[in-house]
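Have a look at the structure below before the remarks.
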Amino acid sequence: MLMQSAFAAIASAFFVLKINFVLAIISMIFAALSILPSIFGGAMLDRASLKWSNANKSYLGRLKEVLAGVDIIKNYQAEKQILKSTNNKLVGSENDYESLNNKQFLFQYFAWLLAVVSMIGPLAFGLYFRQVGLFNVTISTIITLLSSSSSVVSNLRSAIQYFSAIKATHALRQAIIPNAETHDQSSAAPLPSKPELTIKDLSFAYKNHAILDDVSLSLPYGEKLLLSGDSGTGKSTFLNLLTNKLLAQKGSITLGQQQIRANDYAYITQQNWVFDASVRDNLTLDQNFSDQQLVESLKEVNLDQELSNDPLDYQCGEEGKNLSGGQKQRLSIARALLRKRPLLLLDEITAALDDRNSERLRNIIYQLPQTIIEIAHHYNDQQIAENQVLHVQLRAGKIVKVLG
Ligand SMILES: Nc1ncnc2c1ncn2[C@@H]1O[C@H](COP(=O)(O)OP(=O)(O)O)[C@@H](O)[C@H]1O
Ligand SMILES: [Mg+2]
């Protein structure tokens, strides 16, 4: 295709030069004008296009992370803040897209303008030469030389298309930006400073499959409970009842004599959510905390010394790839401690850790003031005895005391 066009160009150049040398040279100089935008505008368009593509990638990456962390974002009522920062990325990406479109339009506009100039220029010269009788210019010479005018029409058509594209993205921008409404916070009385967790006659079944059968349990503030039991006995179901993800058929669960609300607990699982940002951003979730508070929470989980000299600005990497499994879990716990949740619910958080790291993590959580319910399969009997952990098992719908 390229060779074909090149030959066609050379052939037509010979043809026009033969018709009238001087006017042909003038037409070609003017024609060269219309190539200028693509020489100088190409690099500009490439830059704008790269900028938009990077912004878009960053927005899509962020969206993926937010979807993966939706439970935690909800748990910490960070929807508004996370939505805002995600939306900023979207707006950034849309602005880059609009700017790319504007540049494309500008580019097309200049190309079109120069195409018009390159057509009118030789025409004016031709008419002038004919008028004063120079270079044997006739009307038919001029008409033949100007027969390449179709490119002007096609450029004009593109310019109109780009112009409507800009208008379209404007409408898109208006439609796509979500409305970051505040999350409803129930207006119940504040919790007592050391609330007791009380479970009374709790029964739960999935259809006919009984999981909990009249379970009662009372944990004073600060108690550490280890819940073990065979797979499928209902341990995770129990935590889902505590966090209102499931509704019991019978019985009650209260913390400080009130229904448990989302901001009473932190729920941490084996699949900890660490997103591609700094430790600071991972802790705050774009909510307001001072650096001092952040460092305090890192200290509580022994993470203040491990992550470079400046742990708050340490980059966690995609899915936290710059952190070890134990560090990720400790970061998740620091995120909960920062928000002073009185109840920590931990579902197999040591499942992916080796014994040494599991024991280390437990030594940290056993020193915390909060009430803690931890589900675990592997544990160190000596460690739980030394820390006066209450060890219970779920067996056939009943909670049975093992130790403590
Ligand atoms: N949404 C559900 N619907 C029906 N049965 C379920 C559902 N979730 C879990 N189960 C069943 O309930 C039992 C307890 O599950 P789970 O609480 O996850 O156990 P554990 O955490 O102790 O391993 C299992 O037999 C499981 O198959
Ligand atoms: Mg489970």
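The values are calculated or read from the model by the stated rules, or taken from the named source; none is laboratory data. All values reported here derive from a predicted model rather than from experimental measurement. In this analysis, Cβ positions are derived from the backbone assuming ideal geometry, glycine residues included, and neighbour counts consider all displayed protein chains.
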### Query
From the residues in region 192-217 that are touching a Gly at 6+ places or on another chain (Cβ under 8 Å) and not in a strand (DSSP E or B), which one is surrounded by the most Cβ atoms within 10 Å (Cβ to Cβ)?
195
### Query
Given the residues 349, 333, 365, which is the only one that is among the aliphatic types (A, V, I, L, M), under 26 Å from residue 229 (Cα atoms) and within 16 Å of ligand 1 (Cβ to nearest atom)?
349
### Task
Could you tell me which numbered condition residue 130 fails, if it satisfies all but one of (1) without any contact (Cβ under 8 Å) to a residue 40 or more places away in the chain; (2) over 30 Å from residue 283 (Cβ atoms); (3) within 17 Å of the chain's Cα centre (by Cα)?
(3)
### Message
Contact list please: Cβ distance under 6 Å, first residue in region 207-231 and more than 20 Å from residue 252 (Cα to Cα), second residue within 9 Å of ligand 1 (Cβ to nearest atom) and assigned to a strand (DSSP E or B), pairs at least six apart or on different chains.
### Response
229/394
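Select the helices (runs of 4 or more DSSP H) contained entirely in region 1-115, then report the ones holding at least 2 residues which are modelled with pLDDT of 85 or more and not acidic (Asp, Glu). Give the steps one after another, and end with the answer.
Working: elements: 2-19, 21-33, 36-68, 70-75.
Correct list: 36-68, 70-75.
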### Message
Go through (1) surrounded by 16 or more Cβ atoms within 10 Å (Cβ to Cβ); (2) charged (D, E, K, R); (3) within 15 Å of ligand 2 (Cβ to nearest atom) for residue 245 and report which single condition fails.
### Response
(1)
### Task
For residue 264, indicate whether it is crowded, with 16+ Cβ neighbours inside 10 Å and acidic (Asp, Glu).
yes
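Report, by residue number, each residue of region 363-393 that is within 16 Å of ligand 2 (Cβ to nearest atom) and in contact with a strand residue (DSSP E or B) (Cβ under 8 Å, 6 or more places away or on another chain).
Start the filter on region 363-393 by keeping residues that are within 16 Å of ligand 2 (Cβ to nearest atom), which leaves 373-379, 392-393.
Across region 363-393, the qualifying residues are 373, 374, 375, 376, 377, 379, 392, 393.
So, in region 218-242, of the ones that are hydroxyl-bearing (Ser, Thr, Tyr) and outside any loop (DSSP other than H, G, I, E, B), which residue ends up farthest from ligand 1 (Cβ to nearest atom)? Steps first, please.
Here is the first cut: in region 218-242, the residues hydroxyl-bearing (Ser, Thr, Tyr) are 218, 221, 228, 231, 233, 236-237.
From what's left, outside any loop (DSSP other than H, G, I, E, B): 218, 228, 236-237.
Working: 218: 22, 228: 9, 236: 3, 237: 3 Å.
Selected residue: 218.
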### Query
Any chance region 255-277 includes a residue that's under 25 Å from residue 191 (Cα atoms), under 18 Å from the mean Cα position of the chain (by Cα) and modelled with pLDDT of 90 or more?
no
### Message
Conditions first: (1) closer than 15 Å to residue 345 by Cα; (2) of a type outside the set (Ser, Thr, Tyr); (3) within 16 Å of ligand 2 (Cβ to nearest atom); (4) over 37 Å from the mean Cα position of the chain (by Cα). Residue 225 passes all but one, so which condition is the exception?
### Response
(4)
